[in-house]
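Working notes, structure below.
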Amino acid sequence: AAIRAKQHAATKARRLAQEKEFGSGSGNRPRLASLTMERRKVTVQVPATTANMGSGYDCLGMALDMWNELTVERSSKFEIIAEGEGADDLPLDETNLVVVGLKSAFGAAGKPVPPLKYHMINKIPHGRGLGSSSAAIVAGILAGLALTGHRLEVQGKEGVLQLATEIEGHPDNVAPAMYGGIQLGLYSEEEKRWATERLSLPHGLIFVMFIPTFVGKTSELRKVVPKKVSMADAVFNMSRLAWFINALNTGKVKNFREGLRDRLHQPYRAEAVYTHLDPLMKAAYDAGAAGAYLSGAGPVVMAITSGGSGDYFTQLQKESNDIKVARAMTKVAQELNVPGKVYITHPTQTGGVIVSADPPYSTELVEFNGGT
């Protein structure tokens with residue numbers, strides 16, 4: 001109790017010192033300066049994402065409830081500590097995408113990058129088609145903006161998105177990693193910028209993914225996708241994407257299967273690299289999945305089921321067929337000698353978020369979520 005009292009007193013003293021420096025403002029609100037000051041340390045969390053989603057090649061993506069955490073603090077020297085998924089494969093120098101994203105944010109703020117210590121705790125599998133690269137970029141950008149105290153115009157400009165897509169090249173992963181939910185993105189010829197819109201997402205969807213142990217390299221997998229397609233294939237995908245978006249808007253989950261069909265990338269990647277794709281998709285559909293597709297550039301195969309309500313572990317299993325789908329996909333993968341595991345999760349409407357900062361954003365007068 002004495003220790004907790006001492007910690008509380010220290011926190012209170014730090015916040016009062018912050019208010020003394022920047023003022024508490026009028027109307028019991030902290031002045032903006034206290035929210036835009038430079039910070040010594042920040043921790044952010046960013047979700048995994050599943051992109052392309054069948055017919056939405058390079059323009060559609062959704063955030064999943066699977067998170068990476070990044071802590072960045074000012075230091076006397078450059079250092080990266082990586083834990084969790086892909087830790088042994090990640091570069092520990094300035095080519096790491098977290099550092100690239102952070103440098104972009106410091107550049108936008110017009111400030112030099114000081115020596116920093118990066119601590120990554122990764123739960124998103126690396127190189128599997130679940131947006132690990134985009135999560136790193138977005139985490140770095142958010143951390144950089146927080147450390148510099150710099151803010152960007154979002155409404156009508158999507159300033160943070162512009163930084164991320166300049167690095168990533170397309171918005172299908174970075175947009176949901178940043179905003180959460182399911183996002184449709186494009187480069188606007190009218191506004192000369194990347195633009196996104198949030199789509200409706202029916203309640204109760206459960207995502208069952210089979211994650212192979214091997215890695216898929218996006219740069220290599222793009223080479224098997226043709227640069228030119230027939231008019232028939234273009235129309236096929238346009239109509240299916242529109243069908244899928246309408247199914248999302250109307251909640252007609254039964255229409256997912258048709259809307260997720262694709263002729264632009266999945267058939268070519270299945271033939272050239274991912275021989276497990278079509279058999280696992282068939283297994284998922286045979287077991288009652290509402291939809292199935294290659295997540296991102298793969299190798300993850302994603303299946304969608306419905307019927308979720310409330311806490312996953314307190315609901316009767318018969319009310320959803322996710323376990324049945326998971327078993328079917330696992331069985332076929334074993335028959336094909338494709339090692340891997342099944343992971344079951346849900347969409348998340350929340351994107352990347354700052355969860356801790358020093359000095360904190362919260363004051364004695366205004367406390368943000370979790371006391372950030």
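The values are calculated or read from the model by the stated rules, or taken from the named source; none is laboratory data. Remember, it's a predicted structure, so these values are computed and weren't measured experimentally. Cβ sites come from the backbone with ideal geometry, for glycine too, and all protein chains shown count toward neighbours. The accessibility values were calculated without ligands, DNA or RNA, using every heavy atom of the protein model including side chains. Shrake-Rupley method; radii C 1.70, N 1.55, O 1.52, S 1.80 Å.
At a glance:
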item: Accessible area per residue, Å², the chain with all protein chains present, probe 1.4 Å; result: 48
item: On Cα atoms only, tilt of 277-286 relative to the major axis of the chain in degrees; result: 80
item: Most mobile listed residue (Val154, Val224, Val325) in the chain, GNM with C-alpha springs under 10 Å; result: Val154
item: For a label point 7 Å along the Cα-to-beta-carbon line of Ser239, residues of segment 257-280 with backbone N under 19 Å; result: 257-267
item: Helix 2-22 vs. the chain, principal-axis angle (Cα, 0 to 90°, nearest 10); result: 80
item: Length gained when the stretch Val366-Ser309 is fully extended (0.36 nm per residue, less Cα-Cα span); result: 17.1 nm
item: Projected area, mean over directions - segment 214-323, Cα convex hull, nm²; result: 8.2
item: Candidates Phe106, Phe236, Phe256: whichever shows maximal mean-square fluctuation once the chain is modelled as a Gaussian network with Cα springs under 10 Å; result: Phe236
item: For the chain, built as a Gaussian network whose Cα springs stay under 10 Å, the top-fluctuating residue of Met231, Met302, Met53; result: Met231
item: Degrees, to the nearest 10: 159-168 long Cα axis against longest axis of the chain; result: 50
item: Low-density loop positions, GluC sites (Glu not before Pro), segment 268-371 - DSSP coil, at most 14 other Cβ in 10 Å; result: Glu364, Glu367
item: The chain, relative contact order [Cα under 8 Å, separation at least 6], %; result: 23
item: Centroid-to-centroid separation of segment 326-372 and segment 125-147 [C-alpha atoms, Å]; result: 13
item: Ranked packing of 41-47, 356-362, most packed first, by mean Cβ within 10 Å; result: 41-47, 356-362
item: Pair Lys282, Glu190: separation of 7 Å Cα→Cβ label points (nm); result: 4.5
item: Calculated Cα extents along the principal axes in Å (choose from [x] 64, 48, 42; [y] 59, 46, 40; [z] 55, 47, 46), label; result: [x]
item: Assigned charges on the beta-carbon of Lys, Arg, Asp, Glu; the chain dipole about Cα centre (debye); result: 460
item: Protein-only accessible surface order, largest first, of Ser219, Ser295, Ser230 at 1.4 Å; result: Ser219, Ser230, Ser295
item: Label-point separation, Ala272 to Arg40 (7 Å along Cα→Cβ), nm; result: 5.1
item: Net lengthening on full extension, Lys157/Ser230 (0.36 nm per residue, minus Cα-Cα); result: 22.8 nm
item: Protein accessible area in the chain, 1.4 Å probe - carbon and sulfur %; result: 53
item: Greater than 28 Å apart at Cα, pairs in Lys111/Lys157; Lys227/Lys341; Lys223/Lys282; result: Lys227/Lys341
